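Have a look at the structure below before the remarks.
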Amino acid sequence: MNLPKIPLGEWIDAFVEWITVAFAGFFTILTNSIDGLLNIIVDVLSAGPPIVLIIILALLVTYTGRWPLGIFTLISLLLIENLGYWESSIQTLAIVLLSGILTIVIGIPIGIWCAQSKTVQKIVTPILDFMQTMPAFVYLIPSILFFGIGVVPGIIASFIFAIAPTIRMTNLGIQEIPKDLIEAANAFGSSRSQKLFKVQLPLATPTIMAGVNQSIMLALSMVVTASLVGAPGLGADVYRAVSKIDVGQGFEAGLSIVIIAIILDRISQNLQKPAYAHLVSRKIVYSLVTALVLITAIVVAIQNGINKNENATGIGAETDYQIIGIEPGAGIMSQANQALTDYQLDDWELVEGSSAAMTAELSKAYNQQKPIIVTGWSPHWKFSKFDLKFLEDPNGSFGEVEEIHTIVRKGLEQDLPGANTILDQFSWEPSDMENVMVNINEGLEAEKAAEKWIEENPDKVAKWTKGAPSGNGEEIKIVYVAWDSEIASTYVIAKVLQQQGYDVTLRQVEVGPMFAGIANASADAMVGAWLPSTHVEYYETYKDDFVDLGANLQGTRNGLVVPKYVEIDSIEDLK
């Protein structure tokens, strides 16, 4: 059918853009509120040495779920602290707890409302179906635009993804109460609120708690996904391990997540009927825990108020001492961390996230003419769209000018000589790459943008294909990391290979798997190896197992980037 495409995506983009502008003040207030609550929870959990919290949690698990679980909790948390993941675990626990609190505060009232109104239930049910079936990654996209990069969009996405079970189970628990009990309450003249709080909610509590338990588990399952937008914690550790193909680190961080999941699951399951409630009243134990939390929060708040520098000024205060980074495993992130050390920027934080999250945050700040510092590299379309500048790097933390190399598996020259020749002769300028990136950023599909560039540059393409035998439908697998620069170069070379008769398969992976795939011959080629600095760690690890065909682009650069309206010129100005 040749029907024109419905511009649904464009409508959604326009709607989201309108919401972002129209409700900017509300989103700022909400962001600050959630961030403040999270900081309070992290401060409370971090108060004192780790052994204090470990003992408290072990005692709480023992009280709710019997002594074997208490011993397991004690040993497991000591293991996490020994492995070096205690701080990350605290951050993850705080994110899950705050997501759980939001779920309870908002989800239970909505569930009650659904139980009391058929109309509300009919409206809410399809919305919940949509929320539960929509891929969790999708929630991150508007969250970045609304709340910026960092932990807040991760919490919001976790909350949206996890709230459905609480609403559904609250609704179900109330509706399953026997009708004769409701009739008896009505016969005794109970008001609507009396019937709700003295009959329905007490009887529905086991079902409601089951929903809360499931919501907490779903929120915990989002910690890795939330790390894509800068949420700290164990999710970022797992993401970093995946990027580096570090099996040991991935197992350690994953095991820590499993331990926290077991502890939260057992506590939330047994809160209503603790194992040792016959020895010590629930009211006494929970009151003591609540009092301890409140007292700690007050003491920490007072201490933070004393230590807070109200007179902080300059670029640090304007940016909350944050540098917006990209994926945790990227080489430029290692360089940025080295810069923090070289320039003694102890007060600054490098926020991990993703390339997309970084550019979204840059766009948002630029449109509002607010100061922002990001990790940047050239060529990149953002230099064409925004008026930016690299900060001078007198200490050389980001290295010298780099090249992008083409790397292929061993044996490709013998198996696919034509394809190997094209890949070997592939070479272009930064301006060429930026032209493709700009077209993609402006809405043109990557494949169409590649075709457009090829049509406009036949002479350059002819140099790549000169002397290369045509293919006969042979398959060639090309891997790439989802950086805008590598998307551009990969799609261009893929389209050229297709035009020369090859069946090209593209696979998007992280940096580590990209190098490993070429080394173990599960992929054939890549055109995105940044050397000698950005990808040097991966290159040195696998260099004996692949063939480096040399540079396909020269003149790349890494560093810290700011809009030109920001009145600093050097990394030294961040001190």
Scaled by the rule-of-thumb 2.2 N^0.38 Å, the alpha carbon Rg for segment 206-336 gives a ratio of 1.45
Principal axis dimensions, segment 407-502 - Cα atoms, whole angstrom, descending
39, 28, 22
Taking each full run of DSSP H in the chain as one helix, which ones are at least 27 Å long along their axis (Cα atoms) and have mean Kyte-Doolittle hydropathy of at least -1.0?
24-46, 151-175, 201-221, 247-270, 282-307
Placing one equal point scatterer on each C-alpha of segment 463-517 and summing with Debye, one gets log10 I(q)/I(0) at q = 0.16 Å⁻¹ equal to -0.52
With charges set only on the Cβ (+1 for Lys and Arg, -1 for Asp and Glu), what does the dipole of the chain come to about its Cα centre, in debye to the nearest 20?
3260 debye
Separation of segment 421-450 and segment 165-199 by C-alpha centroid, Å?
63 Å
If you take the square roots of the eigenvalues of the alpha-carbon gyration tensor of segment 376-462 and sort them as a ≥ b ≥ c, do you get rounded (a/c under 1.5), prolate (a/b over b/c) or oblate?
oblate
Two decimals, Cα atoms only, Kirkwood Rh: what is Rg/Rh over segment 270-390?
1.22
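For segment 130-277, what Kirkwood radius comes out of the mean inverse Cα-Cα distance, in Å?
This gives a value of 17.7 Å.
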For each pair in Lys452/Lys495; Lys244/Lys575; Lys460/Lys543, compute the distance between the two Cα atoms and list the pairs where it is over 19 Å.
Lys244/Lys575; Lys460/Lys543
Tell me, how many Å apart are the Cα centres for segment 350-373 and for segment 1-51?
14 Å
Based on DSSP H runs of at least 4 residues, each adding -39500 (n - 2.57), what is the mean residue ellipticity at 222 nm of the chain after dividing by all its residues, to the nearest 500 deg cm²/dmol?
-19500 deg cm²/dmol
Mind checking the full-extension length gain between Asn472 and Phe137? Use 0.36 nm per residue of separation minus the Cα-Cα distance, one decimal, nm.
116.8 nm
Note the per residue figure in Å³ for the convex hull of the C-alpha positions in segment 477-575.
133 Å³
Table column - 3J(HN,Hα) (Hz), segment 537-552, Karplus curve with 6.51, -1.76, 1.60, x for Gly and Pro:
4, 5, 4, 5, 5, 10, 4, 7, 10, 8, 10, 8, 7, x, 6, 9
Taking every pair of Cα atoms in segment 7-113, average 1/r, invert it to obtain the Kirkwood radius, and report Rg/Rh to two decimals.
1.16
Which number do you get for Rg(Cα) / (2.2 N^0.38 Å) in the chain?
1.12
Amide H of Glu392: which non-local residues (sequence gap of 5 or more, or other chain) have their own amide H closer than 5 Å, using H built in the peptide plane?
Ser570, Ile571
Whole-percent carbon and sulfur contribution to the accessible surface of the chain (1.4 Å, no ligands, DNA or RNA) stands at 58 percent
How many angstrom lie between the Cα centre of segment 105-152 and the Cα centre of segment 217-275?
22 Å
Could you tell me the relative contact order of the chain? Use alpha-carbon pairs under 8 Å, at least six residues apart, and round to a whole percent.
15 percent
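The values are calculated or read from the model by the stated rules, or taken from the named source; none is laboratory data. Here the structure is a predicted model, which means the values were calculated and not measured. Cβ sites come from the backbone with ideal geometry, for glycine too, and all protein chains shown count toward neighbours. We work out accessible area using only protein heavy atoms, side chains counted, and drop any ligands, DNA or RNA first. Shrake-Rupley method; radii C 1.70, N 1.55, O 1.52, S 1.80 Å.
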